[in-house]
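Please treat every number below as a calculation from the coordinates, not as lab data. Because the structure is predicted, anything quoted here is derived from the model rather than measured. Counting neighbours? That spans all protein chains shown, and the Cβs are built from the backbone with ideal geometry, glycine included.
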Amino acid sequence: MRVRTVRQSPLSMAKRSRANGFTLSETLVVLLVVFVLAHMVLLPGRTSDLLYVNTLKEACVEAQMKAFSQKRTVDVRFNVNDAHIDGVVYDYPHAMACTPLSFSYTPNGMITKGGSLTCTNEKETKRIVFQIGMGRVRVE
């Protein structure tokens, strides 16, 4: 009597093991979706105001570079509900308000007056600090 053994090809073994579990790419997609949903639930609204403060900072740095490259004075004025930077109006998000502050960038890129701009919403407070002299800007 002969015993017949059935040999399975590696391809059929791979199909069977895939049917029993998830692939790495499927697992990564699920983790990505969970992370994005958790981020949206745990930090609602916080990122938009924080990003907007960074937008204001970048607009000021751009105004400074424009003043230096075009050799002209660039005016910057922050009001309670909006900012005027070189003639462009930036409206703040609805729940955000900032302390008034105004200064100019000189034709050599220097700032005329240092100070800090404090922006608040119902959850947090951020400051943009303008240093006198070379006009360095940072967000705290």
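At a glance:
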read-out: For Phe130, residues with placed amide H under 5 Å, excluding near neighbours; value: Gly115, Ser116, Leu117
read-out: Long-range lysine pairs (8 or more apart or interchain), the range 39-140, Cα under 22 Å; value: 8
read-out: Cα-centred dipole magnitude for the range 62-139, charges only on beta-carbon of K, R (+1) and D, E (-1), debye, nearest 20; value: 360
read-out: Length gained when the stretch Glu62-Leu31 is fully extended (0.36 nm per residue, less Cα-Cα span); value: 7.4 nm
read-out: In Hz, Karplus ³J(HN,Hα) per residue of the range 84-96 (6.51, -1.76, 1.60; θ = phi - 60°; x = Gly, Pro); value: 10, 10, 6, x, 9, 9, 10, 7, 6, x, 3, 8, 9
read-out: Whole-number percent relative contact order across the range 70-140, with pairs defined as alpha carbons under 8 Å at least 6 apart; value: 25
read-out: Gap separating the Cα centres of the range 112-139 and the range 84-105, nearest whole Å; value: 12
